[in-house]
């Protein structure tokens, strides 16, 4: 593909109290908190560009002047929606994967922004959830995992902790602490298995690496993931996962159950038997743990990532989507 991709991504940074107060607030935040770490959607943009670099595929980043001068060229707005709403691009657009949580946020999106030709979402269950609203204009695409950064080299030669419990329980926390997390810990104790924990939103990158490096395996607890970059990074280090996967409802409290009741969704949407074992409910945990420990040395989690989710593979998939969209736009 000879065409240069036009990639756009910016974090939302609205004024809060006074016009233009976003700028001094940004300086104050930097002074108090230090340099911010990239968020999930920003990581999608950065890792996509890293994959394009590896493939030696050229791109422009946030070149608004070029887009304005060439309104017939397709542009790639990674997210979030504010860029499309604020910038009012004239160009045909491929939008995602940092899109709306649900089409109900903007059910007439394609009518209001007819130059958006396709929406990308991070995984297949989300595509199926969006399909009744957006038809064939929604497609699933996963960003790649940096398998050089996330590799077995991060692991200690002889990990001495049986499990790292990766706690990403977001909603109904008191309930799930009582009925899921605490019983898991009690079962590990009863079997003499060592563990330590890490809770989503409270750890540092260095803290995760330290605990992961000393762990033989991971127990991953999350209601559902659209892609699940963190657990895929863990798999890339060669660490197998025992994953809680209810395959139940999408439980974002902004929508569920009063506006949306959609299932099944997954906590580990990219997965095969190389990755580990899944269990649906706490009553299944004891048997799943027994089988997991029996098979522990037979899993090949990194092999799954290398086959399906490398930076190069996912960047090439993105390029193929753009190429197909360009061809359809040219022929229509």
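The values are calculated or read from the model by the stated rules, or taken from the named source; none is laboratory data. Only a predicted model underlies this, so the values are computations on that prediction, with no experimental measurement involved. Ideal geometry is used to build each Cβ from the backbone, glycine not excepted, and the neighbour counts take in all protein chains shown.
Okay, residues lined up against (1) within 30 Å of residue 47 (Cα to Cα); (2) outside the structural domain of residue 73 (by TED's automatic domain parsing); (3) without any contact (Cβ under 8 Å) to a residue 60 or more places away in the chain:
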| residue | (1), (2), (3) |
| --- | --- |
| 244 | yes, yes, no |
| 257 | no, yes, yes |
| 260 | no, yes, no |
| 273 | yes, yes, yes |
| 283 | no, yes, yes |
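It is to be established whether one or more residues within the range 71-87 are within 27 Å of residue 259 (Cα to Cα), modelled with pLDDT of 90 or more and surrounded by fewer than 18 Cβ atoms within 10 Å (Cβ to Cβ).
No.
Please indicate, with yes or no, whether at least one residue in the range 22-31 is at pLDDT below 95, farther than 21 Å from residue 314 by Cβ and touching a helix residue (DSSP H, G or I) at 6+ places or on another chain (Cβ under 8 Å). Reasoning before the result, please.
Filtering the range 22-31 down to residues at pLDDT below 95 leaves 22-31.
Going one step further and asking which of them are farther than 21 Å from residue 314 by Cβ, we end up with 22-31.
Cutting the leftovers down to touching a helix residue (DSSP H, G or I) at 6+ places or on another chain (Cβ under 8 Å) gives us none.
Among the residues of the range 22-31, not one is at pLDDT below 95, farther than 21 Å from residue 314 by Cβ and touching a helix residue (DSSP H, G or I) at 6+ places or on another chain (Cβ under 8 Å), which makes the answer no.
Would it be correct to say that residue 235 is under 20 Å from residue 309 (Cα atoms), part of a helix (DSSP H, G or I) and modelled with pLDDT of 95 or more?
Values: under 20 Å from residue 309 (Cα atoms): yes; part of a helix (DSSP H, G or I): yes; modelled with pLDDT of 95 or more: yes.
So residue 235 passes the test.
How about the range 279-325: which of its residues are part of a loop (DSSP other than H, G, I, E, B) and more than 23 Å from residue 178 (Cβ to Cβ)? Let's see the steps before the verdict.
Initially, the range 279-325 is screened for residues part of a loop (DSSP other than H, G, I, E, B), giving 280-281, 299-300, 309.
Hits for the range 279-325 are 299, 300, 309.
Given (1) modelled with pLDDT under 95; (2) within 30 Å of residue 261 (Cα to Cα); (3) surrounded by 14 or more Cβ atoms within 10 Å (Cβ to Cβ), identify the lone condition not met by residue 94.
(1)
Residues that are assigned by TED's automatic domain parsing to the domain that holds residue 296 and in contact (Cβ under 8 Å) with a residue 12 or more places away in the chain, at least 2 per element: which strands (runs of 3 or more DSSP E) completely within the range 133-228 meet that?
161-168, 195-199, 215-222
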